[in-house]
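Undergrad: Please read through the structure below; I'll follow up with questions.
Nothing in this text is a laboratory measurement; each read-out follows from the coordinates by a stated rule. Keep in mind the model is a prediction, meaning the values are calculated, not measured. All Cβ positions, glycine included, derive from the backbone under ideal geometry; neighbour counts span all protein chains shown.
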Amino acid sequence: MTIAFFLDRDGTLNVEKGYIRHLSDLELIPGVAQAVRQLNDAGILAILTTNQTGAARGFYKLSHIHALNDRLQALLAQGANARLDAVFYCPHLPTGTVEPFAISCQCRKPETGMIVSAKQAFPDIELSHSYVLGDKASDVAFGKAAGCKSVLLKTGYGEKVLAGKYQSLDIQPDFVFDDMPQAVAVILKELKAGSASLPS
């Protein structure tokens, strides 16, 4: 059995700054590189699943999204020799202004297309033992719809979501943590305590 942590990007791994137009503005949340390294060392897949509508909105080219994701990987490597095992992103937005991204799709969270793709790439992933981490209500719904455990983080938009000031938290998360490093530390401790659930 393989366990995966499906990780949102902005507000989860890096500091929420809106649409990041300059690569240098992508900044890791403190402790994130070390937390991803903990997942790597535990044999748990760290998989990026992120909605990225900047290209659909005409803010920048698709190549910029790729460059941002590459910078994220580089910062993780520099910070703790950590890595994301796979990167999935959705560039689509039905109300976007740029073709071919202005469409409805099955990959925009809370739709589960990115997890479906991850499962195709890693068939041994056991979704019921895997976790989705994010800072939005759409991340919670995404995790629940895919059959994973959902984790809402207070970083990014998380505090506003919990306060009812951003999105509508119609589906309750399984866990709420201050940030991604805390979530990883607590969940790994619980998995190790019930070692049958942790990959050997």
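Undergrad: Does Gly96 satisfy the condition of being assigned to a loop (DSSP other than H, G, I, E, B), out of contact with any helix residue (DSSP H, G or I) (no Cβ under 9 Å at 6 or more places or on another chain), buried (at least 18 other Cβ atoms within 10 Å of the Cβ) and among the small types (Gly, Ala, Ser)?
TA: Yes; evaluated as a whole, the condition is true for this residue.
Undergrad: Shifting gears a bit: Would you kindly identify the helices (runs of 4 or more DSSP H) lying entirely within region 111-177 that contain at least 3 residues that are surrounded by 23 or more Cβ atoms within 10 Å (Cβ to Cβ)?
TA: In region 111-177, the matching helices (runs of 4 or more DSSP H) lie at 113-121, 137-146.
Undergrad: Answer yes if at least one residue in region 106-128 is aromatic (Phe, Trp, Tyr), under 17 Å from Asp8 (Cα atoms), in contact with a strand residue (DSSP E or B) (Cβ under 7 Å, 6 or more places away or on another chain) and in contact (Cβ under 8 Å) with a residue 40 or more places away in the chain, and no otherwise.
TA: no
Undergrad: For region 35-44, state whether one or more residues are in contact with a helix residue (DSSP H, G or I) (Cβ under 8 Å, 6 or more places away or on another chain) and either closer than 22 Å to Gln167 by Cα or of a type in the set (D, E, K, R) (or both).
TA: Yes, there is a match, as at least one residue in region 35-44 is in contact with a helix residue (DSSP H, G or I) (Cβ under 8 Å, 6 or more places away or on another chain) and either closer than 22 Å to Gln167 by Cα or of a type in the set (D, E, K, R) (or both).
Undergrad: Cβ-Cβ under 8 Å, sequence separation 6+ or interchain: first residue in region 61-79 and over 13 Å from Leu23 (Cα atoms), partner among the aliphatic types (A, V, I, L, M) and assigned to a helix (DSSP H, G or I). Which pairs?
TA: Leu76/Val32; Leu76/Ala33; Leu76/Val36; Gln78/Ala33; Gly79/Val32; Gly79/Ala33
Undergrad: Any idea which of Leu84, Leu48, Leu72, Leu76 is on the phi < 0 side of the Ramachandran plot and either exposed (fewer than 15 other Cβ atoms within 10 Å of the Cβ) or in a loop (DSSP other than H, G, I, E, B) (or both)?
TA: When all the criteria are applied, what remains is Leu84.
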